[in-house]
Each structure stands twice: as C-alpha cells, then as structure tokens.
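What follows is a short report on a single structure.
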Amino acid sequence: MSHEALPEPVKGRYFEEFEIGYTLVSPARTITEHDVCAFAGLSGDYNPLHTDAEFARATAFGERIAHGVLGLSVATGLTYRLGLIDGTTIAFLGLDWKFRKPILIGDTIHVIVKVVDKRVNRAMGGGIVSFDIRVVNQRDDVVQKGDWKLLVRMREDAMEADHGAS
C-alpha cells in the first residue's frame with residue numbers, strides 16, 4: 001500500500017504579496033556561551049578570539065566574541081521565525097553582508113527585515129525579492145547588515161494567468 005505525502009501548508013507570503021517598504025521585526029535571541037562553543041565545533045573554527053578567554057582579553061575587544069557567521073546564521077533563523085518565507089521560498093540566491101560590530105557572548109539580538117525590491121522571474125517559477133536585513137543588539141547597535149535575495153514562489157493562479165497571456 002502506498003501513501004501519498006500531504007503537501008506542507010504554506011504559511012509564508014507569495015511573491016505577489018510582498019510590498020516594497022514592508023518591514024518586520026523578529027523575536028530576540030540571546031547569544032550564549034554554548035552557542036559559541038557549539039558553532040566552533042560545527043564549523044571547525046576554533047579561532048582563539050572565539051574560544052580562548054585569555055587570548056581574547058588581550059585583543060581590542062577585551063573578551064571573547066561570537067563568530068561573525070554565527071550571527072549571520074542566527075539572523076537567518078530569526079528571519080525564518082517571522083513566517084514570512086515559510087513554505088514559499090524556492091531558493092536563497094545570495095547576499096551582500098557587512099560585519100559592523102562584534103556580537104558579544106550575552107548579547108541579545110533581533111533582526112529588522114525590510115522589502116526593498118522585487119522582480120518577476122517566471123523562468124524560475126517565481127520572483128526575486130530583495131531584503132534589507134539588519135541585526136541589532138540590545139543597545140540598538142546595528143552589528144551586522146546587508147541585502148539578501150530570495151527566489152519566492154508565485155501563486156498558482158498568477159503563474160497560470162501569466163502562461164495564458166504568453
């Protein structure tokens with residue numbers, strides 16, 4: 001007996017539903033000692049700036065800091081938690097990213113997501129949505145920022161209407 005998997009319900013926005021200027025703020029998350037140690041193990045990045053308290057104390061930061069890419073990874077998760085792209089993203093196409101300030105162990109960060117551009121890409125089955133992403137700590141410092149481009153599904157009726165017009 002075979003079973004057909006039920007399609008996962010869509011919670012996110014389709015391409016047509018994104019409006020330029022639309023902005024959301026994610027929930028916050030504290031970066032912990034465990035996060036930094038686990039990320040070092042996962043990535044293999046044991047740079048002493050992240051893993052050696054004595055070494056880090058002698059740096060310009062004066063203490064250990066989180067991996068920059070750990071901040072980017074958490075930003076991805078916080079953005080996903082908004083539900084904005086849940087079930088509608090076809091692909092993450094790219095990013096332009098800046099690490100502006102360190103994320104310290106114990107910092108609580110959130111993400112501000114703003115739609116800045118969109119364009120149809122029917123050949124890929126959707127449209128490209130560009131987001132301005134800012135990672136902000138509890139002191140309101142923008143610690144990381146950049147632009148993300150995602151390929152987002154179009155509604156079936158929009159795709160059918162488009163093919164009918166061809």
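The values are calculated or read from the model by the stated rules, or taken from the named source; none is laboratory data. Quick caveat, the model's predicted, so the values are computed rather than measured. For neighbour counting, all protein chains shown are included, and Cβ atoms are generated from backbone atoms with ideal geometry for every residue, glycine included.
Of note:
- Pairs linking a residue in the range 48-75 that is more than 30 Å from Leu24 (Cα to Cα) and β-branched (Val, Ile, Thr) to a residue that is assigned to a helix (DSSP H, G or I) and modelled with pLDDT of 95 or more, with Cβ atoms under 6 Å and 6 or more positions apart or on different chains, are Thr51/Ala40.
- Ile109 being buried (at least 17 other Cβ atoms within 10 Å of the Cβ), modelled with pLDDT of 95 or more and closer than 22 Å to Thr32 by Cβ: yes
- Scanning the range 34-67 for residues that are under 30 Å from Gly12 (Cβ atoms), of a type outside the set (A, V, I, L, M, F, W, C) and either assigned to a helix (DSSP H, G or I) or touching a Cys at 6+ places or on another chain (Cβ under 9 Å) (or both) turns up His34, Asp35, Ser43.
- Qualifying positions in the range 108-120 - over 18 Å from Thr23 (Cα atoms) and in contact with a helix residue (DSSP H, G or I) (Cβ under 9 Å, 6 or more places away or on another chain): Val120
- Enumeration of residues in the range 68-89 that are assigned to a loop (DSSP other than H, G, I, E, B), surrounded by fewer than 22 Cβ atoms within 10 Å (Cβ to Cβ) and over 13 Å from the mean Cα position of the chain (by Cα): Gly87
- Criterion violated by Gly125 - all others in (1) in contact with a strand residue (DSSP E or B) (Cβ under 7 Å, 6 or more places away or on another chain); (2) at pLDDT 95 or above satisfied: (2)
- Qualifying residue in the range 99-120 (condition: basic (Lys, Arg), touching a residue at least 40 places away in the same chain (Cβ under 8 Å) and not in a strand (DSSP E or B)): yes
- Positions within the range 131-156 being within 15 Å of the chain's Cα centre (by Cα), over 20 Å from His67 (Cβ atoms) and crowded, with 21+ Cβ neighbours inside 10 Å, in sequence order: Phe131, Leu150, Val152
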